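The values are calculated or read from the model by the stated rules, or taken from the named source; none is laboratory data. What you are looking at is a predicted structure, and each value in this text was computed from that prediction instead of being measured. Because the Cβ atoms are built from the backbone with ideal geometry, glycine has one as well, and the counts that use them run over all protein chains shown.
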Protein chains: 4
Amino acid sequence: MCRWLAYSGSPILLEELLYKPDHSLIDQSLHARLGVETTNGDGFGVGWYGANIDTPAVFRSVEPAWNERNLRELAGHVESPLFLAHIRASTGTAVQQTNCHPFRYGRWLWVHNGLVHDFSRLKRDLALAVDESLYTSIEGSTDSEMLFYLALTLGLEDDPPGAVERMVGLVEEAGHHHGIEHPLQMTIATTDGNSVWAFRYSSEGRPRSLYYSTDMRTVREMYPERPRLQEVSDETRIIVSEPIVELAGAWNEVPESSYGLVREGEDELHPFRPR
Amino acid sequence: MCRWLAYSGSPILLEELLYKPDHSLIDQSLHARLGVETTNGDGFGVGWYGANIDTPAVFRSVEPAWNERNLRELAGHVESPLFLAHIRASTGTAVQQTNCHPFRYGRWLWVHNGLVHDFSRLKRDLALAVDESLYTSIEGSTDSEMLFYLALTLGLEDDPPGAVERMVGLVEEAGHHHGIEHPLQMTIATTDGNSVWAFRYSSEGRPRSLYYSTDMRTVREMYPERPRLQEVSDETRIIVSEPIVELAGAWNEVPESSYGLVREGEDELHPFRPR
Amino acid sequence: MCRWLAYSGSPILLEELLYKPDHSLIDQSLHARLGVETTNGDGFGVGWYGANIDTPAVFRSVEPAWNERNLRELAGHVESPLFLAHIRASTGTAVQQTNCHPFRYGRWLWVHNGLVHDFSRLKRDLALAVDESLYTSIEGSTDSEMLFYLALTLGLEDDPPGAVERMVGLVEEAGHHHGIEHPLQMTIATTDGNSVWAFRYSSEGRPRSLYYSTDMRTVREMYPERPRLQEVSDETRIIVSEPIVELAGAWNEVPESSYGLVREGEDELHPFRPR
Amino acid sequence: MCRWLAYSGSPILLEELLYKPDHSLIDQSLHARLGVETTNGDGFGVGWYGANIDTPAVFRSVEPAWNERNLRELAGHVESPLFLAHIRASTGTAVQQTNCHPFRYGRWLWVHNGLVHDFSRLKRDLALAVDESLYTSIEGSTDSEMLFYLALTLGLEDDPPGAVERMVGLVEEAGHHHGIEHPLQMTIATTDGNSVWAFRYSSEGRPRSLYYSTDMRTVREMYPERPRLQEVSDETRIIVSEPIVELAGAWNEVPESSYGLVREGEDELHPFRPR
């Protein structure tokens, strides 16, 4: 079980969300509250967009996030209008930098919480379904990265929701072929630097938790003492595996089997149907 | 809050105690039950004696113990009649190899659970009290290593209980001088390769937990399915911060303000009085 | 360009070969003399057999070998009659533990110096050629590990030389299919805990260097001051990428396109022909 | 022997100097040309100033710089008008993050190339000379960090050249007291975010190499294909242990026993005299 956070809106220092809230993502690396495991100590990563959205930066490390001095330095000095952060609890694959999220391909970033059940049995079939030109870019050994490359194969760059629906369909078919009843558990965020898509789905109908901030007025009220947050635009949104602060009305749960789209202008929430 | 384990007796594979018990030390790195913090993910170490007790080996790493493949390999292939293992939860000092326990000097090993309160204020005074010839061997920045070098300065190699009592006296005096009411919290194990001394003490009278195995008959009964444990001698002893298996009668608590001595022949338990 | 060493013979402390010779393997991690790159700082590993040859131990790390305190500790305390050690200079794939040699499957170990040219273009075809039941055991992303799993697929456990010849044939065919003129550069050592096979081959006919110790009498004369080496049996053999000591008559070069077999009894040297 | 680089001038991406030149600092981590050791693989660090010069960021790691993906990401996305970078070759102390340069205290950064001869014998005396209020901020075990805290003790924040001269005087006196003929080798850069002071000195009169860029017109001509460098101001300066590009006229050697001051307005070069 992992934890992730997506931010889109007015540029802020990463630490405003990664460290300062009471139950920040970094705090969740030691003390997660929702889910089975309370420790997410098997590495972390953060990907952010700067002036040039074509080349997002990715900082990943196998240290537990609560220990990592470089992450703290970075978070205190890097400002970004759009970033994804992830803390990892391995479901079996090696703890190594290439298995840390976010994964990146071109201008796209990808984070995942959940797992492919019996991934070791499905891995070869899934790998074969990845486009030949993409295959060689796979660096790690996780189910999460494989899901990313399958989605890329199935059109992520042109039609993100459709590609993820097809990806899930493909994984479920492969799983059923191998006799796995409920092949997939996932919350996923992916972004091209402009929009963020967030998905919540599980083959068995009990997906991992996922929340989005209702509106920034509420967030501002949550942190009256934090001047930087007072200045963020109304369109700013935060999407999280687990609320980073306990405040009535601040968070909405993303419904099961649905996905949200966050971007400039009106946000959207739609049903998610594997194809 | 850290966790440690000392073993003395018939040679066994390290994994028999580090991994195989239900609530093994490695399991405690993720899920400790006693004490404030449940995660001990800030590094670990194991020191063991082989054929030549003059040169104990020390393996230390900053990875969380639950992740460390090399530790698992080592534990599955190294056999020893006397070893100390430690999992660390930093109380503020850097997570680095030189801050991991056990500390070693010559043939002596040292592990510590607890802390010197306000160590940063006391550090210089304590450092000055270390013998000049020993000072340069200090490699890390922890209170635990400082306690070891103070004990060495005060005669650890000749009179371990006396040296530790004098060390505690010195630390408490320095602490009181700086207005610190309860300067020290500690359980400590130290060994020269023949005997193990285990101390339990706290300035305020509420020391960290410490247990020792009652006798090996009980341990054998605990693990009937483990042939290696059936063969260990009656003199074999295990001392632990936290029981590695829940079994009535298997563990005795070391009383507050006391220390035990484990060696060939009769074991001893004595009161501990700072001097 | 990497460097490796294989030892088979009387049990010795690993440090006798890894650290003590003038131009030891660890020294070669900073100062290799043969080949293009002088630094092999992208990780290392050592695999050894103890009492139970069915479960060799593997210790691997991404630190430069010259820095690694744990390796030095281990090498000073672990004795073995058969071990492989490797220092890595990455040819492009990530520096991570799962990319360090030796690779292990069951009781087999494998080290490789060299590369598959244009591996990224061949990777998918080679991965498809790995047996389905073996595929899921691949943990890293190197060409070296892929060669191991191809050899396992093609019968390594039953006929090591034949399997490696078939593996090379397969890689060369896949390479030529992709228009790669000289697909493979390799020296390889593999062992089942009883025998060591060492291969030297290159598609273009200019393979990496490889040497074996002529006989232990010479080695003993090389190190008169090292009592442990005086005691090793006449059958003891060392195979190395680069001589660990400069002494006339001590080392024989393994001829191009050939392989050697080291085991109890007479050693063998045969031509190597890709199939 | 280490290598360092200081940059002061128009804001540029760190990678413009750390990665892009032919003989960049990162390239020097594998292939230094001046000095005894060619490999600087024992960690690295970079410290930079952003909008707020009171809180410089510091990114340090024990990985060899040539391997470090996070450094490459950072260098490609962080822009700064003033930064120090350092690659380390340990002269004996542990390879750990707290021993990597730059060291930071408040808004000050410090990098050092060279060593205190027989530091282990001098260490205690030097530690005692550090101001009590500063002592507790020492985190690592290097001579380089000790020199920084001695300079801080002796007035670095008010009079940098005077403080460094007094620090050298103190170290030399302590060294001579212990019978060390030539106690100190050093090139040092230190900065408060506005100015950079660079020192070159050795007790025996043969200090490590140190160069500064003559003027930016030359640098621009060196890199006609790099548009970002064409835009930097005439006041921009680079100070380096070893030239990062071989071009006649681009670099001036800092004379022995002297120091330079780089800041907005006229630069200065003065003799350095230990006090």
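Key figures
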item	result
Number of the condition not met by C:T136 [criteria: (1) away from chain A (no Cβ under 14 Å); (2) free of Cβ contacts under 8 Å to residues at least 60 places away in the same chain]	(1)
In the stretch C:235-257, the residues that are surrounded by fewer than 18 Cβ atoms within 10 Å (Cβ to Cβ) and either at pLDDT 90 or above or touching a Gly at 6+ places or on another chain (Cβ under 9 Å) (or both)	C:E235, C:E253, C:P255, C:E256, C:S257
Tally, over the stretch B:72-93, of residues that are buried (at least 22 other Cβ atoms within 10 Å of the Cβ) and charged (D, E, K, R)	1
In the stretch A:196-205, the residues that are touching a Leu at 6+ places or on another chain (Cβ under 6 Å) and over 13 Å from A:E256 (Cα atoms)	A:W197
Count - residues of the stretch A:36-52 that are part of a loop (DSSP other than H, G, I, E, B), within 12 Å of chain D (Cβ to nearest Cβ) and not small (G, A, S)	2
Some residue of the stretch B:146-169 being among the polar types (S, T, N, Q), away from chain D (no Cβ under 14 Å) and buried (at least 18 other Cβ atoms within 10 Å of the Cβ)	no
Per-region count, the stretch C:42-56, residues crowded, with 24+ Cβ neighbours inside 10 Å and either modelled with pLDDT of 90 or more or charged (D, E, K, R) (or both)	8
Check on D:G175, modelled with pLDDT of 95 or more, over 21 Å from the mean Cα position of the chain (by Cα) and more than 27 Å from D:W108 (Cβ to Cβ)	no
Check on C:P64, touching a strand residue (DSSP E or B) at 6+ places or on another chain (Cβ under 9 Å) and within 14 Å of chain B (Cβ to nearest Cβ)	no
Residue within the stretch D:140-151 that is on the phi < 0 side of the Ramachandran plot and in a strand (DSSP E or B) present	no
Selection status of C:R60, part of a strand (DSSP E or B), touching a residue at least 24 places away in the same chain (Cβ under 8 Å) and among the basic types (K, R)	yes
Matching entry among D:G114, D:G155, D:G162 (being small (G, A, S), at positive phi and touching a residue at least 60 places away in the same chain (Cβ under 8 Å))	D:G114
Among (1) surrounded by 24 or more Cβ atoms within 10 Å (Cβ to Cβ); (2) within 14 Å of chain C (Cβ to nearest Cβ); (3) not hydrophobic (A, V, I, L, M, F, W, C), the one test that A:H112 misses	(2)
Residue in the stretch B:9-27 that is in a loop (DSSP other than H, G, I, E, B), within 26 Å of B:D234 (Cβ to Cβ), at pLDDT 85 or above and under 19 Å from the mean Cα position of the chain (by Cα) present	yes
Matching residues, the stretch A:130-139, being small (G, A, S) and either in contact with a helix residue (DSSP H, G or I) (Cβ under 6 Å, 6 or more places away or on another chain) or not in a helix (DSSP H, G or I) (or both)	A:S137
Selection within the stretch C:115-130 - within 26 Å of A:D118 (Cβ to Cβ), more than 10 Å from chain A (Cβ to nearest Cβ) and either surrounded by fewer than 20 Cβ atoms within 10 Å (Cβ to Cβ) or in contact with a Pro (Cβ under 6 Å, 6 or more places away or on another chain) (or both)	C:A129
Counted residues, the stretch A:173-192 - those being surrounded by fewer than 20 Cβ atoms within 10 Å (Cβ to Cβ), touching a residue at least 40 places away in the same chain (Cβ under 8 Å) and under 16 Å from A:K123 (Cβ atoms)	3
Elements of type helices (runs of 4 or more DSSP H) in the stretch B:156-245, at least 1 residues being over 27 Å from B:A129 (Cα atoms) and out of contact with any Cys (no Cβ under 6 Å at 6 or more places or on another chain)	B:216-222, B:227-230
C:A57 vs. criteria farther than 27 Å from B:V78 by Cα and either within 9 Å of another protein chain (Cβ to nearest Cβ) or in contact with a His (Cβ under 9 Å, 6 or more places away or on another chain) (or both)	no
Residue in the stretch A:66-89 that is touching a Lys or Arg at 6+ places or on another chain (Cβ under 7 Å) and acidic (D, E) present	no
Scan of the stretch D:85-107 for residues that are in contact with a Leu (Cβ under 7 Å, 6 or more places away or on another chain) and away from every other protein chain (no Cβ under 14 Å), ordered by number	D:A85, D:Y105
Complete set of residues in the stretch C:193-215 that are surrounded by 20 or more Cβ atoms within 10 Å (Cβ to Cβ) and either closer than 15 Å to C:P161 by Cα or modelled with pLDDT under 75 (or both)	C:V196, C:W197, C:A198, C:F199, C:R200, C:Y201
Flag if A:S137 is in contact with a Gly (Cβ under 9 Å, 6 or more places away or on another chain), within 24 Å of A:F44 (Cα to Cα) and among the polar types (S, T, N, Q)	no
Members of the stretch A:98-129 found to be part of a helix (DSSP H, G or I) and in contact with an Asp or Glu (Cβ under 7 Å, 6 or more places away or on another chain), listed by number	A:T98, A:F119, A:R124
Which numbered condition B:R69 fails, given (1) within 14 Å of chain C (Cβ to nearest Cβ); (2) of a type outside the set (A, V, I, L, M, F, W, C); (3) crowded, with 22+ Cβ neighbours inside 10 Å; (4) within 23 Å of A:L30 (Cβ to Cβ)	(3)
